[in-house]
Amino acid sequence: MTNITLFDPMTNQLNKFFHNWMPREWPFDKELGSDMKIDLSEDKKHFTVRADLPGVKKEDIQVDIDGNRIAISAQAKSFKEEKKGETVIYSERYEGKVFRSFALNSDVDESKAEASYKDGVLELRLPKKSNGKSKRLSIS
């Protein structure tokens, strides 16, 4: 099946103008804040979350659990070095905050949750809350 797109000459000209005028790569695209990678796995009793947080100190990481909602935030800091006679031409180091939030398919027992941080990877072990019996609602 073919996709049909509407051609608008004015929009096409504006796109060409901005494509040639704007820089090819924005520096903030490389920041940690736009690129926190996570892995999520599950077994019968636990969820396991691994989040890449390179260059972040353990003290600057915060994890909040609210039922089935998990929120991870971290403050990444970099310190500039100044050397006499040296000019910085390009720098990819930054300072900023990163935040990631997601919902799981069942509530987490926050009293038994565990977190560890090693080599730039935050690992959360989140036990599922046992709610007893599940209930199916009848639709009226």
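The values are calculated or read from the model by the stated rules, or taken from the named source; none is laboratory data. Keep in mind that what you see is a predicted model, and the values were worked out from it rather than measured. When we count neighbours, we look across all protein chains shown, and the Cβ atoms used for this are built from the backbone with ideal geometry, even at glycine.
Residues of segment 119-137 being loosely packed, with under 14 Cβ neighbours inside 10 Å, more than 20 Å from Asp43 (Cα to Cα) and modelled with pLDDT of 70 or more, which ones?
Asp119, Gly120, Leu137
Identify, from the list Ala71, Ala76, Ala103, the residue that is within 18 Å of the chain's Cα centre (by Cα), among the hydrophobic types (A, V, I, L, M, F, W, C) and modelled with pLDDT under 90. Please lay out each step first, then the result.
Details: Ala71 fails: modelled with pLDDT under 90; Ala103 fails: modelled with pLDDT under 90.
Just one listed residue meets the conditions, Ala76.
Look at Glu86 and say whether it is modelled with pLDDT under 90 and either more than 18 Å from Met36 (Cα to Cα) or out of contact with any strand residue (DSSP E or B) (no Cβ under 9 Å at 6 or more places or on another chain) (or both).
On the way: modelled with pLDDT under 90: yes; either more than 18 Å from Met36 (Cα to Cα) or out of contact with any strand residue (DSSP E or B) (no Cβ under 9 Å at 6 or more places or on another chain) (or both): yes.
Here the answer is yes, as Glu86 does meet what is asked.
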